[in-house]
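If you scroll down you'll find the structure; I have some questions about it.
The values are calculated or read from the model by the stated rules, or taken from the named source; none is laboratory data. The model shown is predicted, which means the values in this text are computed figures rather than measured ones. In this analysis, Cβ positions are derived from the backbone assuming ideal geometry, glycine residues included, and neighbour counts consider all displayed protein chains. Just the protein is used for accessible areas: all its heavy atoms, side chains included, with ligands, DNA and RNA removed. Shrake-Rupley method; radii C 1.70, N 1.55, O 1.52, S 1.80 Å.
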Amino acid sequence: MASRILMRSHILPAAILSTALMVGDVAAAADFALVSTVVVSRHGVRSPIGGHPPLAAFATDPWPSWPVPSGHLTPRGAELAKLLGAYYRKYYAARGLFRAEACPPLGAVSAWADVDQRTLVTAQSLLDGMFPGCNLAPSSLGDAKVDPLFHPTRAGVCRVDPNQASQAVMSRAGGSLASLQRKLQTQIEAMQSVLKCCQPVLCHEDGATASCSLQDLRSAIVKEESGNVRLSGPISIASTASEVFLLEYAEGLPDNQVAWGRASSAEAIRSLMQLHVVQFDLMQRTPYLAARQGSALVDRIVLALQRAAETGGSDGRKLTLFVGHDTNLANVGGMLGLHWSLPSYLTDATPPAGAMHFELLRDRETNAYAVRIRYVSQTLDQMRRATPLDLTDPPVTAMVDIEGCKGKGGADGTCPWSDFATLADSAIDRACVAPR
């Protein structure tokens with residue numbers, strides 16, 4: 001695939017004129033024109049999802065009730081996504097990609113969402129915010145239970161070898177989960193002070209009724225019947241709990257219902273999210289698992305950028321939107337060696353409705369093409385307050401560092417198109433990409 005991309009990238013017509021400007025603290029270099037963008041977004045604020053173990057098993061106090069079924073986008077989540085979409089329209093209009101008003105031309109926008117309610121409604125809300133009154137709607141697989149674009153292993157396109165996965169995760173953990181857990185003891189104790197964990201069901205296989213603490217549990221890699229693997233123990237429990245606290249805060253629940261009032265500020269939640277970062281680094285960014293789970297999406301991202309590069313944007317496609325999950329974003333990051341640091345968040349955080357923007361740029365002097373990736377998200381306080389967003393009060397943005405392009409691109413975060421295409425092609429596991 002890489003050779004095909006490189007060969008075609010030499011027959012590129014000139015495209016759009018652009019001027020240097022500053023938008024939301026992101027500078028557009030004077031010699032680059034924005035041709036097209038691919039946005040990969042997480043769904044917005046949702047209600048908690050039950051898992052392994054269930055939420056009730058690792059907290060002393062009852063969890064707050066939510067206005068929607070488990071795992072559904074809330075009305076607040078839809079509102080916040082719409083606010084973010086309105087900002088995207090202003091940003092890309094200022095960059096010359098769209099007119100500030102009026103509906104986009106036919107074919108200029110494509111949107112694809114995973115089949116869950118939370119992804120479909122998020123995609124619709126983003127489109128409504130970007131293009132109000134234009135009646136644009138996302139596409140999806142409809143009534144299908146699993147979309148192989150977002151979940152190729154669950155869809156059976158490819159399988160995870162549990163032994164290979166376990167070895168890869170263990171290696172990333174430094175060879176010992178017990179040793180890693182000891183290094184994280186301070187963070188585990190901090191979470192214990194909030195959760196007051198745990199219910200007896202987590203502590204004893206013999207049916208004993210005595211409770212225990214997070215520190216008493218041990219981390220382990222569990223092989224599931226499906227062949228996939230998951231992490232069990234205090235790191236996994238803390239990861240789930242901290243994500244729920246973040247959602248409670250973003251949803252605007254009263255302070256005494258955000259982590260039961262014991263960690264009800266954005267800074268307190270940020271600190272507790274450290275174990276969430278560890279969990280995702282192990283289970284979503286480990287290269288073997290990331291490639292098994294993320295190759296289909298990376299393939300589609302590259303295909304959309306390739307088509308824009310081949311035509312110089314003359315095919316009319318200006319924006320391609322994919323709406324999935326935090327796991328998808330982490331998989332893409334793990335596959336391509338991407339890292340970002342959003343202000344007020346931990347490194348590589350994937351907040352609700354946050355998104356990677358893959359921008360295809362054309363050098364106006366040489367006609368050479370480059371890719372630059374930005375990560376955009378509302379802050380937790382912008383979510384909690386439902387803050388309207390515009391170019392003077394934008395969401396937070398970080399340039400995404402592309403490890404495989406260091407020394408090849410510009411100081412402004414750009415990566416030559418040929419280098420990016422080669423990097424992506426080498427990372428994709430073709431066995432996990434379903435035939436189109």
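Against the definition (at pLDDT 95 or above, within 28 Å of ALA33 (Cα to Cα) and crowded, with 20+ Cβ neighbours inside 10 Å), how does VAL278 come out, yes or no?
For VAL278, the condition - at pLDDT 95 or above, within 28 Å of ALA33 (Cα to Cα) and crowded, with 20+ Cβ neighbours inside 10 Å - is not met.
Hey, another quick one. Could you tell me how many of the residues in the range 220-244 are open to solvent by less than 10 Å² (accessible area, probe 1.4 Å) and not small (Gly, Ala, Ser)?
So the count comes out to 5.
Continuing with this model, one more query. Please go through the range 403-436 and give me each residue that is more than 30 Å from LYS90 (Cα to Cα) and assigned to a loop (DSSP other than H, G, I, E, B), ordered by number.
If the condition is that a residue be more than 30 Å from LYS90 (Cα to Cα) and assigned to a loop (DSSP other than H, G, I, E, B), then LYS406, GLY407, LYS408, ILE428, ASP429, VAL433, ALA434, PRO435, ARG436 are the ones that fit.
When residues of the range 403-414 are filtered for being over 21 Å from GLY354 (Cβ atoms) and open to solvent by less than 40 Å² (accessible area, probe 1.4 Å), how many remain?
The qualifying residues number 5.
Let me ask you something else. When LEU83 is evaluated against the numbered criteria (1) more than 22 Å from the chain's Cα centre (by Cα); (2) crowded, with 16+ Cβ neighbours inside 10 Å, which criterion, by number, is the only one it fails?
(1)
Are any residues in the range 255-265 surrounded by fewer than 20 Cβ atoms within 10 Å (Cβ to Cβ) and either of a type outside the set (Asp, Glu) or under 15 Å from the mean Cα position of the chain (by Cα) (or both), and if so, which ones?
Result: ASN256, GLN257, GLY261, ARG262, SER264, SER265.
Does ALA309 meet the test of being assigned to a helix (DSSP H, G or I), farther than 29 Å from MET283 by Cβ, in contact with a strand residue (DSSP E or B) (Cβ under 7 Å, 6 or more places away or on another chain) and open to solvent by less than 30 Å² (accessible area, probe 1.4 Å)?
yes
Only one of these is over 25 Å from SER110 (Cα atoms) and either of a type in the set (Val, Ile, Thr) or open to solvent by less than 20 Å² (accessible area, probe 1.4 Å) (or both): LEU336, LEU342. Name it.
LEU342
Quick one: what pairs do we get from the range 391-418, first residue closer than 22 Å to ARG362 by Cβ, second open to solvent by 60 Å² or more (accessible area, probe 1.4 Å) and of a type in the set (Asp, Glu), C-beta under 7 Å, 6+ apart or different chains?
Here the result reads THR397/ASP25, each pair linking the range 391-418 to a residue that is open to solvent by 60 Å² or more (accessible area, probe 1.4 Å) and of a type in the set (Asp, Glu).
More than 21 Å from MET130 (Cβ to Cβ) and among the small types (Gly, Ala, Ser): is that true of ALA308 in this structure?
Spelling it out, it is not the case that ALA308 is more than 21 Å from MET130 (Cβ to Cβ) and among the small types (Gly, Ala, Ser).
Does the range 70-80 hold any residues that are part of a loop (DSSP other than H, G, I, E, B), surrounded by fewer than 21 Cβ atoms within 10 Å (Cβ to Cβ) and in contact (Cβ under 8 Å) with a residue 24 or more places away in the chain, and which are they? Before you say what the answer is, go through the steps one by one.
Let us first name the residues in the range 70-80 that are part of a loop (DSSP other than H, G, I, E, B), namely 70-72, 74.
Imposing the further condition that a residue be surrounded by fewer than 21 Cβ atoms within 10 Å (Cβ to Cβ) reduces the set to 70-72.
Scanning the range 70-80 gives GLY71, HIS72.
Among the residues that make up the range 95-113, is at least one of them open to solvent by less than 40 Å² (accessible area, probe 1.4 Å), aliphatic (A, V, I, L, M) and more than 21 Å from LEU303 (Cα to Cα)?
There is no residue in the range 95-113 that is open to solvent by less than 40 Å² (accessible area, probe 1.4 Å), aliphatic (A, V, I, L, M) and more than 21 Å from LEU303 (Cα to Cα).
Additional query: Quick one: in the range 121-159, of everything that is crowded, with 21+ Cβ neighbours inside 10 Å and aliphatic (A, V, I, L, M), which residue is farthest from ALA291 (Cα to Cα)?
MET130
Sort out which residues of the range 289-325 are at pLDDT below 95 and β-branched (Val, Ile, Thr), and write them in order of number.
THR311
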